[in-house]
Structure formats: C-alpha cells, structure tokens
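These notes are about the structure you will find just below.
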Amino acid sequence: KVAERIGETRAIMTAYVMILLSILIPLVSESFFFNLIGALIFGATFAGIVSLMLVYVGHKFPHNPAKAMAKLTISYGIAQLIAPALAGYLSTLTGNYLSSMWMAAAVMITGIFFVWQIHRFEKNKHPQINTPVF
C-alpha cells in the first residue's frame, strides 16, 4: 500500500532508512527498550524489503520476471551466507560485534544511495509518474 501511494523506489528507500536506524540503535544505546524497538523495526522491515524488491524487479523485467527474481533471490542467499561468516571473523578480531554493525550500516547506506540514484533517474525519465499523490 505504501509503494502504491509514494512509489516503489521511495518505499524501498524508506524501508532501507528504517532498517538502517534499527542497525544504528544498538551502536548508540545500551537501553533494553531502545534495542527492543530496533529489533522490532528490523524484523518488520526485512520481510517488507524483500517483498518490495521482488515486486520492483518484476516490474522492471516484465518479459521474464522469474529470471530476474531468481537472480535477486540468489544474491540474497549469497549475502546471507557471507555476512554471518564475515561478522564472526570481525567479532573474533575485535572481541565484539560493533564492527559488524558498522559494516551493516555502511552496506545499508550504500543501498540507500543506489536506490536514490535509481529514483532520480526514474523521476527524470518520467516526471509525471513520480509526483506525490498527497
């Protein structure tokens, strides 16, 4: 519903920013309450991001959406194998998970930047389509 209202790329960027905030919370606070909020935000946005990206990719490759979605799913799978191994390695070196959290934040910032670039490109290509609904 949000993507229909504000556009797919804006919805993806919003979800990315929310997940970034959920990653930053434990870096700046040791409060159980705030970390619980961060965990809830992370859990609530992760599935939404996957769904939004699959729909977005399906729209961008209408002739063969299954192939594009398969590549995206494989990419997610590879990242879910590599990231925990890297986090474990970094935690062994540093004695904590702070460097892993900062790395995750950097990845999310990179993702926000790239989706923002896509959004700008699409807005310039079709200015009448990306005008706010409200």
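The values are calculated or read from the model by the stated rules, or taken from the named source; none is laboratory data. For clarity, every value in this text was computed on a predicted model and none was experimentally measured. Positions of Cβ are backbone-derived with ideal geometry, glycine not excepted, and every protein chain shown enters the neighbour counts. What goes into the accessible areas is simple: the full protein's heavy atoms, side chains included, and nothing from ligands, DNA or RNA. Shrake-Rupley method; radii C 1.70, N 1.55, O 1.52, S 1.80 Å.
Odds and ends about this structure:
- Cβ-Cβ under 6 Å pairs, at least 6 apart or on other chains, region 1-17 side of a type outside the set (Val, Ile, Thr), far side open to solvent by 60 Å² or more (accessible area, probe 1.4 Å) and outside any helix (DSSP H, G or I): Arg5/Val133
- Those residues of region 80-103 which are more than 22 Å from Ile25 (Cα to Cα) and under 18 Å from the mean Cα position of the chain (by Cα), in sequence order: Leu81, Ile82
- Candidates in region 53-68 are the residues that are without any contact (Cβ under 8 Å) to a residue 24 or more places away in the chain and open to solvent by 60 Å² or more (accessible area, probe 1.4 Å); of these, the one that is nearest to Val115 (Cα to Cα) is Lys60.
- Residue in region 104-119 that is in contact (Cβ under 8 Å) with a residue 40 or more places away in the chain, over 19 Å from Ile23 (Cα atoms), in a helix (DSSP H, G or I) and more than 13 Å from the chain's Cα centre (by Cα) present: yes
- Number of the exception - Val50 against (1) closer than 24 Å to Arg5 by Cα; (2) open to solvent by 60 Å² or more (accessible area, probe 1.4 Å); (3) at pLDDT below 95; (4) of a type outside the set (Ser, Thr, Tyr): (2)
Results for (1) under 14 Å from the mean Cα position of the chain (by Cα); (2) in a helix (DSSP H, G or I); (3) small (Gly, Ala, Ser), shown as yes or no for each residue.
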| position | (1), (2), (3) |
| --- | --- |
| Thr9 | yes, yes, no |
| Ile12 | yes, yes, no |
| Met18 | yes, yes, no |
| Asn35 | no, yes, no |
| Ala44 | yes, yes, yes |
| His63 | no, no, no |
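- Among the residues making up region 23-33, those that are assigned to a helix (DSSP H, G or I), over 10 Å from Met101 (Cβ atoms) and of a type outside the set (Val, Ile, Thr) are Phe32, Phe33.
- Taking the listed residues Gly43, Gly77, Gly38, the one that is exposed (fewer than 11 other Cβ atoms within 10 Å of the Cβ) and closer than 20 Å to Met101 by Cα is Gly77, with no other qualifying.
- Leu20 closer than 16 Å to Ser100 by Cβ, open to solvent by less than 90 Å² (accessible area, probe 1.4 Å) and modelled with pLDDT of 95 or more: yes
- Whether a residue is of a type outside the set (Phe, Trp, Tyr), out of contact with any Phe, Trp or Tyr (no Cβ under 9 Å at 6 or more places or on another chain) and part of a helix (DSSP H, G or I) was assessed, and Ala87 does not pass this test.
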